[in-house]
Amino acid sequence: METKKIRLIGGVLVGVLLLIVGLFFIFSGGFQFGSSKSNSSNTKPSSNKNPDGYSLQGQFNKNSQKKRELFTPEYARSVALRILGWMDKTRLYGIRLDNPSSNGEFVCDGGYAVSENCTSTKQCTTRMVANNIGLISTWAHYKYYEHVDRSFPILAVVENDLKTYANTKKISAVQPATWNFKLIYELWSGQELTPDQKKLAWDVLYRMQHDPLIINPIEKQVGTLEAMPPLLTLETATPYEGVLTERDNLYSIFSSEYTASFLFIRDSRVEKEQRYLNIATELYNQAMRRYIKSNGDTSLFNPYYFGIAALDLYRITGNEDFLNTASRVADRHINDECTNNMTLCSSRVYFYHELLKMNAKQEYIQARNELLQKLFTQSFDSEDVASYKLGKNAFYTEHKELTESLSYELVPNALLVRVLIEL
């Protein structure tokens, strides 16, 4: 009897001991033999993921709690490349509209849309043909090729776009607006394109060349100006007397366009170029009067378009008055809030970025970087950012009161690509 009790107690003790050993094995992650280690709760999986939530193949780990908040130059360029990928999906094909205001039908076959608008349920549509601004996407691709990746696929996109916009059967008209001429001039005058590609760029520029003799109503108010007008300053200019509308921003934009036209005419030697600079200066004067009228209210007048016009004229004239005006605009608006208006916010980032190339003031660096960071964390649609919506990989403006509440616009995204690749 005693022997049976001893065996029973021994068996229980052995069982308890085995249970303890088993629990130790589970919670410690297993025994270790020699140099080999089994996986444990304290050991990271072997090279599946890096610390910021991406696998080595670049796929986002949705379970990661980390969100991108700070830029590095390498990451900024990857964001720029993602935006270009979104742009490539916004082309419109086979668009033909009867437009009584133009000569014949309105054609877009391979050009870009103004924006992509989406509902919160991922129903998205491309809105409006962007024959007047589409080339800004071509410029953004070119800048990425020039500064980051000189690979054939990027340059092939640029060449294909130039062929499209040079072809009257594919794009019925290429209106000069939002710096179309200014930006394509950068391609034509650069060193990266082949002679054949430069010829395509020249054809596009010629199609949208501003003609002082056949000009739209805004330019008609200026005239052909065979003589240089007196340059106004913020002290000598009188405020504009009319009511400001969004159209008044065209004085700033067209000043930059005529500055680029002056350079194009000078470089191609097809006619006398001075009158283009005269017109650019008078348009700048008119923009200044409207800037003074706005009294700093950015909802009435975009000061950053005006600042860019001043910088463009400074680059070719060397007149410090232009640079001083641009710097004063920057100083006045340096503490302004910019929220949920991607057109205004992107032009502000771009303006400070361009000004830094001529006036590397620390406050301007901070203004550019802080707003760019804010836009990224609050308005960039990507899975690795807190502002993720649909995964479009583009900056957006949110209109909560509208059915199509998310607007991904071409121009703001192109301007931000330029800044991102040069950080």
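The values are calculated or read from the model by the stated rules, or taken from the named source; none is laboratory data. Owing to the predicted nature of the structure, the values given are computational and were not obtained by experimental measurement. Using ideal geometry, Cβ is built from the backbone for each residue, glycine included, and neighbour counts are taken over all protein chains shown. Side chains included, ligands, DNA and RNA excluded: accessible areas come from the protein's heavy atoms. Shrake-Rupley method; radii C 1.70, N 1.55, O 1.52, S 1.80 Å.
Numbers for the structure displayed
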read-out	value
Distance violations [Cα-Cα > 20 Å] among Lys293/Lys374; Lys89/Lys170; Lys122/Lys389; Lys199/Lys357; Lys170/Lys272	Lys293/Lys374; Lys199/Lys357; Lys170/Lys272
Sequence of His141, His147 when ordered by accessible area, the most exposed leading, probe 1.4 angstrom	His147, His141
Per-residue ³J(HN,Hα) for region 359-364, Karplus 6.51 cos²θ - 1.76 cosθ + 1.60, θ = phi - 60°, Hz, x for Gly and Pro	8, 7, 6, 4, 5, 6
Spatially proximal aspartates and glutamates relative to Lys392 (Cα-Cα < 15 Å; intrachain offsets below 8 disregarded)	Asp88, Glu116, Asp381, Glu383, Asp384, Glu404, Glu409
Table column - 3J(HN,Hα) (Hz), region 412-423, Karplus curve with 6.51, -1.76, 1.60, x for Gly and Pro	x, 5, 5, 4, 6, 4, 4, 5, 4, 7, 10, 5
Backbone HN-Hα couplings from phi across region 303-312 [Karplus 6.51/-1.76/1.60, Hz, Gly and Pro as x]	x, 7, 4, 5, x, 5, 4, 5, 5, 4
Residue-count net charge about Gly242 - beta-carbon cut-off 10 Å; Lys, Arg +1, Asp, Glu -1	+1
Region 295-352: C-alpha gyration tensor shape, a/c 1.5 cut-off, then a/b vs b/c	prolate
Candidate aspartates and glutamates - alpha carbon under 12 Å from Lys182, same-chain residues fewer than 8 apart omitted	Glu257, Asp312
Other-chain or far-sequence residues with amide H under 5 Å of Phe106's (modelled H)	Leu97, Asp98, Asn99
Set of aspartates and glutamates with alpha-carbon distance to Lys163 below 12 Å, sequence-local pairs under 8 removed	Asp109, Asp196, Asp203
Peptide ranges 390-396, 412-418, 281-287 listed from the most packed, as the mean C-beta count within 10 angstrom indicates	412-418, 281-287, 390-396
